[in-house]
1. Divide by every residue of the chain the summed helix terms, -39500 (n - 2.57) for each DSSP H run of at least 4, and state the resulting mean residue ellipticity at 222 nm, rounded to the nearest 500 deg cm²/dmol.
2. Can you give the longest run of the chain that contains no trypsin sites (Lys or Arg not before Pro) sitting in a DSSP loop with at most 15 other Cβ atoms inside 10 Å?
3. Which of Phe44, Phe20, Phe71 moves most in a GNM of the chain, Cα contacts under 10 Å?
4. If neighbour count is taken as other Cβ atoms inside 10 Å, put Glu30, Glu97, Glu134 in order from fewest to most.
5. If you take the alpha carbon radius of gyration of the chain and divide it by 2.2 N^0.38 Å, what ratio comes out, to two decimals?
6. Based only on the alpha carbon positions, what is the Kirkwood hydrodynamic radius of segment 77-133, in angstrom?
7. Sort out for me the Cα centre separation of segment 75-113 from segment 6-70, rounded to whole Å.
Amino acid sequence: MNVTYRRAVSEDIPAIERLFSEMLASVGDEKTKGYEDGYLDKFFCGGDVIYVAVSDGEVVGYISVELHRDFVYLDDLSVTKRFRGKGIGKKLIKFAERYAAASSVPAASLHVESTNTVARYLYQRLGYAVTATEESRFRMTKHIGKE
């Protein structure tokens, strides 16, 4: 399995939208139908970025990263089902953390559904800790130092 990683380009939007829908289905979100029109545009014109994992020309995973003054927010992380368990999600998170360090922000933060124990344990293994409970989700945060 040959996987490469890069910053997303606007031509990746259809694949990112497909992966977002897969992620929603995997956590049992029946009400969200996908990104609102134009939502992804912000990731291609400023401080917010998306990193993608690509195998044989196909985008098989992505993470969106929103840059804030004191932290980066890992908004969405999705890896297509047949590529899960191969370290792709972990590698995408590391790209986001390097982006945080390069942007001189001290922390990375994310939300995870309280029922998504697989994802929560992954984040804990990577050094994230639960810092708040917000409705059906946990907020998890990690201090980011210079690498």
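Read-outs throughout are calculated quantities, based only on the coordinates presented, and are distinct from any laboratory measurement. Predicted model only: the values in this text are computed from it and were never measured. Note that each Cβ is placed from the backbone with ideal geometry, even for glycine, and that neighbours are counted across all protein chains shown.
1. About -8000 deg cm²/dmol.
2. Here the longest run is 85-145.
3. Highest fluctuation of the listed residues: Phe44.
4. Listing Glu30, Glu97, Glu134 from fewest to most nearby Cβ atoms yields Glu30, Glu134, Glu97.
5. 0.99
6. Its Kirkwood hydrodynamic radius stands at 12.4 Å.
7. 12
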